[in-house]
Amino acid sequence: MVLSEIKKYLQTFHMELREDILQELKEQKQKAIYNQEEWLANELWCLIEVYNIHKNYLAMFQLLKSGKYEEAWRVMDRIDISMGNLRINFGEGMNHYNLTFINQIIKYYEKVFPDFVYTSREGIIKSEKCSICGEKVSLRGGCSHVPGKLYMGELCLREVTDYEIIGVAIVKHPLDKYAILKLEGQEYNYQVLDYLMRKLDSPFRPWYIEELKRKRPEFMNVGRNEKCPCGSGNKYKRCCYNTPKEYGLHYRITLLGGEKMKEEAIEYSGRWVEKQAIK
């Protein structure tokens, strides 16, 4: 299969990807490396990443439909990493292969996941080397290879050879999104995601989410001279009235194409819910 045909294939969505396409890309990359055609080897590496993004996107959707949300979250993280690598190396290619669509939909999915709490390692990198040439990296010098760039069809990375862990922190914005903190007897509330996945019938159906600020239900129809719903004991007009405290974030999801979603209020019960007993 010639490269132009493979590119055309990858520019179209498929519910199931042909495995021979990936094998052909790998073989062509090895041939380009053998012939010392670095530009071609690098392009083929990018196309392999495109294939893997599409494959992971399909797997992510199936996991979401099956209610395996944490597994889907980890696959989304892999897609995000692949997207980052491609942005550095693929240039105009990022405007093709439906990458813009997948990247945007991933961002929308992230918004409807519960507000995870994460653990993050703290440590000291004592020694690392270049994955391309193996040379040790130091503050005073090292090789000329740039991390994140491609060299003859291989991604340059920094391989840590000596590392000391000094602690673990609880954070909201981690480097590793898969390090989700869990509490015994509790599980994350996937109420909004459950609702969305009942409505979505295809991984390729476009949809979007809007963040709106609306008055919290407990502040609705409260008189100015009544006690403030926040529990302070003060009058509403001297407490939370007309302040950001009485407004909360509201998500409005819109499906495009086919049957439209009616606007329905979901009474979100918080980040955590009691873990259901396994029968």
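Within the stretch 166-196, the set of residues being over 12 Å from residue 255 (Cβ atoms) and among the aliphatic types (A, V, I, L, M) comprises 166, 168, 169, 170, 171, 175, 179, 180, 181, 183, 192, 193. Taking the criterion of being in a loop (DSSP other than H, G, I, E, B), at pLDDT below 95 and among the small types (Gly, Ala, Ser), the residues of the stretch 135-156 that qualify are 142, 144.
Take residue 159 and decide whether it is among the acidic types (Asp, Glu), more than 19 Å from the chain's Cα centre (by Cα) and part of a loop (DSSP other than H, G, I, E, B). No, not satisfied.
Is it the case that residue 51 is crowded, with 16+ Cβ neighbours inside 10 Å, free of Cβ contacts under 8 Å to residues at least 60 places away in the same chain, among the hydroxyl-bearing types (Ser, Thr, Tyr) and assigned to a helix (DSSP H, G or I)? So residue 51 fits the description; yes. Of the residues making up the stretch 194-244, those that are touching a residue at least 24 places away in the same chain (Cβ under 8 Å) and in a strand (DSSP E or B) are 207, 208, 209, 210, 211, 212, 213, 214, 215. If you go through the stretch 107-128 and keep only what is without any contact (Cβ under 8 Å) to a residue 40 or more places away in the chain and either crowded, with 17+ Cβ neighbours inside 10 Å or not in a helix (DSSP H, G or I) (or both), you end up with 125, 126, 127, 128. Looking only at residues in the stretch 39-95 that are touching a helix residue (DSSP H, G or I) at 6+ places or on another chain (Cβ under 6 Å) and among the acidic types (Asp, Glu), the one that is nearest to residue 198 (Cα to Cα) is 71.
The values are calculated or read from the model by the stated rules, or taken from the named source; none is laboratory data. Worth saying up front: this structure is predicted, and the values here are computed from it rather than measured. Heads up, the Cβs are rebuilt from the backbone with ideal geometry, glycines too, and the neighbour counts pull from every protein chain shown.
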